[in-house]
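Below is one structure, written out as structure tokens; the observations come after it.
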Amino acid sequence: MENLIPNKLINEKSPYLLQHAYNPVEWYAWNDEAFNKAQEEDKPVFLSIGYSTCHWCHVMEKESFEDEEIAGLMNKSFISIKVDREERPDIDAVYMAVCQVLTGSGGWPLTILMTPDKKPFFAGTYFPKESKYGRTGLKDLLPKIEKYWKNERQDLLASANQITDAMQQTTDSRFGKDFTSSIMDLAFRQYRERFDHQFGGFGNAPKFPTPHNLLFLLRYFHRTKNNEALEIVTKTLTEMRKGGMFDQIGFGFHRYSTDRQWLVPHFEKMLYDQAMLMLAFTEAFQVTGNELFKQTVYEIYEYIDRELTSSNGAFFSAEDADSEGEEGKFYLWRTEEIRKILGKDADLFINVFQVKEEGNFLEPFKGENHGENILHLLKTIHEFADENNLHSEELNVKVSQLLKKLFEEREKRIHPHKDDKILTDWNGLMIAALAKAGAVFDEEKFVRSAEYSVRFILGNLKTNDGLLLHRFRDGDAAINGNLDDYAFIVFALLELYEAAFKVDYLQQAESLQKALDKHFADDVYGGYFFTSDFAEELIFRQKEIYDGAIPSGNAVTMLNLLKLARYTGNLDYENKALDLSRAFHEQVKATPMGHPFLMVALEFMLSESCEIVIVGDEKTEKIQNAISVLRRKFIPNKIVICKNPKESNVFNEIYNYTKNLTEINGEPAFYLCKNFTCELPTNDFTELLNKLGEG
């Protein structure tokens, strides 16, 4: 029976914390009150970290945190604290690092047992109520910890101190050497060795999209012309788009595939996955011209616009995997349902989308089949048309109509829970992706959507001191910004500048980078800490370069610094980027394929880069055409500045090195500098393209 008396989480804004507000566990949010109580009552702390769309977090809640027996054990012997990892990534990063060191793995829900002064002595992830399948249950674990706390306290405290001391030393790495292009060659060889030639992606199940791998491989192909790198990208993107990991009806990508074939996904949908995949599909289109990649970008936008865009223009965080208590229920179809809805067209649809009478959905971990289907393609629509002697365009139109019918029917179902908090960092990634796609496809609605979001973030999540906040929900902006918030918004602003050529975006990017340099930089060892110098003090101050589901804030910052150096002519940015790369040299050298976004930044730093300055009114046809051509081409290591002579006073004041760049003979002029050497300016855009090797 549901507990009708709320605990202290009832006053929180986080959807995840609010989901636990009626648990019989006497939860606290992470605050001084909780730790003071632990000190006063001489109890260890039970820390549970998760997020609102996490399937196994829901399972652990239902199984244990709603259970009166387990709640009784927790309330008697522990102070229990709930943390939303998306609200407090700083806390999550610290204790996830502890879990990985202690257990060799990590994930959510994350379970930490620690002293009242926040020092951990035990870590794990999901714990069932009862011990089974080799997993200790909370029913056995909690009394055991209580006994240790009472009878073997000194051993626990010694262990906690030892763990904390070891973690504190992890950020104190000395400056390493300078990277050379050989590190990118090594990264490529590692990707090639792990590439799945049959189904795309890397390794076996489970398979994650990790689009930043593909962003690096596209740049590697651009520099080396190694066709294998491009084949890895195109095969992976095509197979993901055809698979069940892509929502064929309502669009958008699910979190990851539980199998090697991209068929059975973990059904949650995350904003950051949509953003990074939109970037990858956009850039892959630039390289290949593959229309399926362009179509996928538009479909991701349609999903984002429909489901994850708030009325204020910013973007929500995620949609759950579960609905009506079952994972994937919203997305699955029985054959008889499809026949009833589509009538005479059902057979065609069933053949195209691989629907089976017996079903193709095997529940992950259980292997049970209940006659339900995940829609997916074995062949693209174009390939299916060719094989069956059908007209490709007509088939595409027909399939779209049938998908629309099923979509309208699916809308009547109970939708998965939506996490409607607005996170600064994830919005930054989405803004960057929309700006890049808007520029490449000359699509105004993409750019407009990006501008709405950035306006909201800068208007509501930026303080009067010019500092960022991390989370907005229910009218409340709160939580100090972290490295990712600054890095991803600067990244977004730089992409927006090249999509809209509004100098204000460059100014805002510089301002936030200066705040990052002031409050996050490690002046001793290089790089940037995840938290600021005025943030809450945790057991250690983390500094990370490894890419997870989203790119490392340090790697994105390195690329930002390199671009800002080119935009502004201020080589101090270049020096900071070089110091950052040296700070992580030894760590990256060990596993380069674990750091794809740093490889992206290194490709910019070590490959031939160029600055293009266009002087003239960007509204003229000549300049519009030139800009469109530059945007369509994949030239990853370029920056483009468009300087309107009518606004040159503003521009010259901020970016002084452009002061002497003027129109030539009253006509628009094109200036090109490559690898720190400048060519003569020209009125002829074709001449500029030839010098770029793109003519």
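Is there a residue being in a helix (DSSP H, G or I), in the same structural domain as residue 354 (by TED's automatic domain parsing), touching a residue at least 12 places away in the same chain (Cβ under 8 Å) and closer than 30 Å to residue 326 by Cα anywhere in region 410-425? Yes, region 410-425 contains a residue that is in a helix (DSSP H, G or I), in the same structural domain as residue 354 (by TED's automatic domain parsing), touching a residue at least 12 places away in the same chain (Cβ under 8 Å) and closer than 30 Å to residue 326 by Cα. On the stretch given as region 33-61, residues that are free of Cβ contacts under 8 Å to residues at least 40 places away in the same chain and either within 18 Å of residue 84 (Cβ to Cβ) or hydrophobic (A, V, I, L, M, F, W, C) (or both) total 1. Helices (runs of 4 or more DSSP H) fully within region 193-306 that include at least 2 residues being β-branched (Val, Ile, Thr): 227-242, 271-288.
Scanning region 387-404 for residues that are assigned to a helix (DSSP H, G or I) and either under 23 Å from residue 263 (Cβ atoms) or in contact with a strand residue (DSSP E or B) (Cβ under 9 Å, 6 or more places away or on another chain) (or both) yields 387, 395, 396, 399, 400, 402, 403.
Restricting attention to region 94-129 and to residues that are surrounded by fewer than 21 Cβ atoms within 10 Å (Cβ to Cβ) and small (Gly, Ala, Ser), the residue that is nearest to residue 67 (Cα to Cα) turns out to be 124. For region 679-695, the tally of residues that are outside any loop (DSSP other than H, G, I, E, B), in contact (Cβ under 8 Å) with a residue 40 or more places away in the chain and farther than 14 Å from residue 623 by Cα stands at 1. Under the condition of being in a helix (DSSP H, G or I) and either assigned by TED's automatic domain parsing to the domain that holds residue 565 or within 21 Å of residue 569 (Cβ to Cβ) (or both), the residues counted in region 619-678 number 13. Against the conditions (1) touching a Lys or Arg at 6+ places or on another chain (Cβ under 9 Å); (2) among the hydrophobic types (A, V, I, L, M, F, W, C); (3) not in a loop (DSSP other than H, G, I, E, B), residue 539 satisfies every one except (3).
Annotation: of all residues in region 468-499 being touching a residue at least 60 places away in the same chain (Cβ under 8 Å) and among the small types (Gly, Ala, Ser), the one that is surrounded by the fewest Cβ atoms within 10 Å (Cβ to Cβ) is 478.
Here residue 663 passes the criteria (1) touching a residue at least 60 places away in the same chain (Cβ under 8 Å); (2) within 22 Å of residue 503 (Cα to Cα) except the one numbered (1). Condition (residue is among the charged types (D, E, K, R) and either part of a helix (DSSP H, G or I) or in the same structural domain as residue 82 (by TED's automatic domain parsing) (or both)) applied to region 158-170: is it met by at least one residue? Within region 158-170 (the criterion being among the charged types (D, E, K, R) and either part of a helix (DSSP H, G or I) or in the same structural domain as residue 82 (by TED's automatic domain parsing) (or both)), the answer is yes, since at least one residue qualifies. Could you say which residue among 200, 250, 176, 243 is surrounded by fewer than 23 Cβ atoms within 10 Å (Cβ to Cβ) and assigned by TED's automatic domain parsing to the domain that holds residue 317? Sole residue among the options that is surrounded by fewer than 23 Cβ atoms within 10 Å (Cβ to Cβ) and assigned by TED's automatic domain parsing to the domain that holds residue 317: 250. Per this entry, residue 349 is not counted among residues that are within 24 Å of residue 455 (Cα to Cα) and surrounded by 17 or more Cβ atoms within 10 Å (Cβ to Cβ).
Scanning region 332-380 for residues that are of a type in the set (A, V, I, L, M), at pLDDT 90 or above and not in a helix (DSSP H, G or I) yields 332, 355, 374, 375, 377, 378. One residue alone among 257, 310 is crowded, with 24+ Cβ neighbours inside 10 Å, in contact (Cβ under 8 Å) with a residue 40 or more places away in the chain, among the hydroxyl-bearing types (Ser, Thr, Tyr) and at negative phi, and that residue is 257. Quick check on residue 70: is it buried (at least 19 other Cβ atoms within 10 Å of the Cβ), touching a strand residue (DSSP E or B) at 6+ places or on another chain (Cβ under 8 Å) and of a type in the set (Val, Ile, Thr)? So residue 70 fails the test. Is it fair to say residue 378 is within 24 Å of residue 269 (Cα to Cα) and either aliphatic (A, V, I, L, M) or assigned by TED's automatic domain parsing to the domain that holds residue 206 (or both)? Yes: the conditions hold for residue 378. Within region 149-173, the set of residues being in contact with a helix residue (DSSP H, G or I) (Cβ under 8 Å, 6 or more places away or on another chain), crowded, with 17+ Cβ neighbours inside 10 Å and among the hydroxyl-bearing types (Ser, Thr, Tyr) comprises 173 only. Look at region 394-408: where a residue is free of Cβ contacts under 8 Å to residues at least 60 places away in the same chain and among the aliphatic types (A, V, I, L, M) and a partner is part of a helix (DSSP H, G or I) and surrounded by fewer than 18 Cβ atoms within 10 Å (Cβ to Cβ), sitting 6+ places away or on another chain with Cβ atoms under 9 Å, you get 395/348; 395/382; 399/348.
The values are calculated or read from the model by the stated rules, or taken from the named source; none is laboratory data. Model, not experiment: these values are computed from the prediction. Neighbour counts are summed over all protein chains in view; Cβ atoms, including those assigned to glycine, are modelled from backbone coordinates with ideal geometry.
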